Every structure is written in structure tokens, then in C-alpha cells.
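Worksheet for the structure shown next.
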Amino acid sequence: MIHELKILNKYFEEVFLSHKTFEIRKNDRNFRKGDKLILKEWDDSKQIFTGRKLARTVTYILEGGSFGIEEDFVVMAIQ
């Protein structure tokens with residue numbers, strides 16, 4: 001499955017530099033290991049997409065409901 005997701009520019013840069021290797025999202029898309037994420041940079045101050053995109057693959061899913069993660073959220077390791 002391919003998911004196109006909005007990501008704030010301050011986080012986009014960290015993913016681009018491989019410093020941020022995870023995404024925390026509400027699991028309203030039934031995310032699964034092996035899914036592809038297309039992360040589209042969003043400039044919140046201008047309320048526009050910048051045009052920059054990154055593709056990442058989900059390598060691990062930590063389901064919510066434990067470790068302080070809300071029930072309907074997931075932490076996804078991305079590569």
C-alpha cells in the first residue's frame with residue numbers, strides 16, 4: 001500500500017537527513033509493515049506544499065495502547 005502524507009518542513013528535513021527514522025500517526029489508514037510512505041513537505045506558515053517529497057518504507061509498526069501511545073496511533077520505523 002502507498003500512503004501520501006503531509007509532513008511539516010521541520011520534520012521533513014530531519015527525515016531527509018536520516019536523523020528521524022520514525023513516524024507517529026493516527027492509524028486511520030491501517031498502516032502495515034512494508035507499506036510505502038510518500039512524505040510531502042508542508043509549510044505550515046504559508047499553508048502550502050513546498051513540492052519536495054520523500055519515499056520511505058515502513059519496516060516496523062508499534063501499535064498504540066501501550067508505552068504511553070494512544071490506542072488508535074502507531075509508531076512506524078521507516079527506512
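The values are calculated or read from the model by the stated rules, or taken from the named source; none is laboratory data. Since the structure is predicted, the reported quantities are computational estimates derived from the model, not experimental observations. Note that each Cβ is placed from the backbone with ideal geometry, even for glycine, and that neighbours are counted across all protein chains shown.
Check segment 24-37 and report whether any residue there is β-branched (Val, Ile, Thr), in contact with a Lys or Arg (Cβ under 8 Å, 6 or more places away or on another chain) and exposed (fewer than 15 other Cβ atoms within 10 Å of the Cβ). So far as segment 24-37 goes, no, none of its residues is β-branched (Val, Ile, Thr), in contact with a Lys or Arg (Cβ under 8 Å, 6 or more places away or on another chain) and exposed (fewer than 15 other Cβ atoms within 10 Å of the Cβ). Residue check: Gly68 meets all listed conditions (1) in a loop (DSSP other than H, G, I, E, B); (2) at pLDDT 95 or above; (3) out of contact with any helix residue (DSSP H, G or I) (no Cβ under 9 Å at 6 or more places or on another chain) but one, namely (2). Counting the residues of segment 31-50 that are part of a strand (DSSP E or B) and either of a type in the set (Ser, Thr, Tyr) or in contact (Cβ under 8 Å) with a residue 24 or more places away in the chain (or both) gives 10.
The set of residues in segment 6-21 being part of a strand (DSSP E or B) and surrounded by 15 or more Cβ atoms within 10 Å (Cβ to Cβ) consists of Ile7 alone.
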